[in-house]
1. Please go through the stretch 30-68 and pick out each residue that is farther than 28 Å from GLN86 by Cα, of a type in the set (S, T, N, Q) and at pLDDT 75 or above.
2. Starting from the stretch 121-138, take each residue that is under 14 Å from ASN74 (Cβ atoms) and in contact (Cβ under 8 Å) with a residue 24 or more places away in the chain and list its partners that are aromatic (Phe, Trp, Tyr) and surrounded by fewer than 19 Cβ atoms within 10 Å (Cβ to Cβ), counting only C-beta distances under 8 angstrom and pairs at least six apart or across chains.
3. Kindly establish whether ALA30 is in the same structural domain as SER165 (by TED's automatic domain parsing), under 18 Å from the mean Cα position of the chain (by Cα) and under 30 Å from PHE192 (Cβ atoms).
4. From THR129, THR142, THR121, which residue is assigned by TED's automatic domain parsing to the domain that holds ASN186, farther than 23 Å from GLN62 by Cβ and under 19 Å from the mean Cα position of the chain (by Cα)?
5. Working only within the stretch 95-114, note down all residues that are surrounded by 20 or more Cβ atoms within 10 Å (Cβ to Cβ) and part of a strand (DSSP E or B).
Amino acid sequence: MAVRATRLQSAKPLTLSRWWTNGYHGQSIAFVDQTVLFYAIDDGLRFHDFVDPSNQTCLTVQANGIGVGVFAGNADIHLFAFADYQRPPIIHLRQYPSLQEIKQFTDGAELEYSALEFSATEELLSLSTSPDYLLTIWNWRTGVKLAQCETTKKPPVEISFNPNSWYDIGILYRDQINLYTCERRNDKYVLFERQLTLELFNQTVAHNQPTYQQTKTKQSNPLRVADVIRRFPSRFSFTLVDSTIGTDKGTSVKLVG
């Protein structure tokens with residue numbers, strides 16, 4: 001006859017550590033105070049006071065598993081904003097150092113935000129990714145959406161308010177700049193767009209350094225410039241250094257006359 005083994009006492013609940021969600025992965029940084037900067041980790045934001053010697057520990061704001069996308073800070077008024085990864089995403093506006101949530105902004109993106117930016121006054125700008133590519137301007141104090149329009153359907157490099165006027169906004173792409181002017185008509189705001197095409201040299205843009213994979217698959221030819229110099233030697237009598245020549249950080253070409 002088989003003997004049934006004694007049932008073991010239930011083990012204590014197992015708690016999994018989420019230490020891997022606290023790592024820095026090379027995103028940008030922003031300031032929320034004159035001496036406090038912050039950056040995104042996998043599931044939150046981490047704040048550091050780099051001047052106060054009594055504050056040796058960092059402050060971490062968790063996003064409760066939702067994750068943090070783009071973010072922005074305003075050091076003059078001690079505010080920060082970040083977008084989460086919900087579907088659709090929500091923009092959270094909070095105060096530092098209390099971390100109290102002041103406002104939430106919705107209906108600015110279907111899937112994800114690619115940029116957030118504070119103006120020098122009371123405006124918050126957001127830019128969404130595919131499929132909608134919406135540029136939205138909010139009044140962060142009242143929570144009102146001031147204006148919204150569709151933009152060029154490609155990833156931006158940088159976005160910025162005019163420091164002297166929130167009515168002017170610039171979006172930089174790899175091959176063009178979009179300029180937006182926000183005009184008020186009665187009680188509504190309308191965004192007008194102008195596009196400036198950037199002149200490309202050797203199919204590259206100066207601010208965009210090629211990646212290792214790009215240089216392997218499509219290498220530029222630094223001998224092209226030298227060939228032109230040899231054909232027209234009398235037109236050159238100086239030394240040119242151009243960071244867009246070649247595939248490394250810079251190539252020096254000596255022009256002989």
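The values are calculated or read from the model by the stated rules, or taken from the named source; none is laboratory data. In this text, all values refer to a predicted model and were calculated from it rather than measured experimentally. Virtual Cβ from ideal backbone geometry, glycine too; neighbours counted across all protein chains shown.
1. Those that are farther than 28 Å from GLN86 by Cα, of a type in the set (S, T, N, Q) and at pLDDT 75 or above: GLN34, THR35.
2. none
3. yes
4. That would be THR129, the only listed residue that is assigned by TED's automatic domain parsing to the domain that holds ASN186, farther than 23 Å from GLN62 by Cβ and under 19 Å from the mean Cα position of the chain (by Cα).
5. Passing the criteria: PHE105, TYR113.
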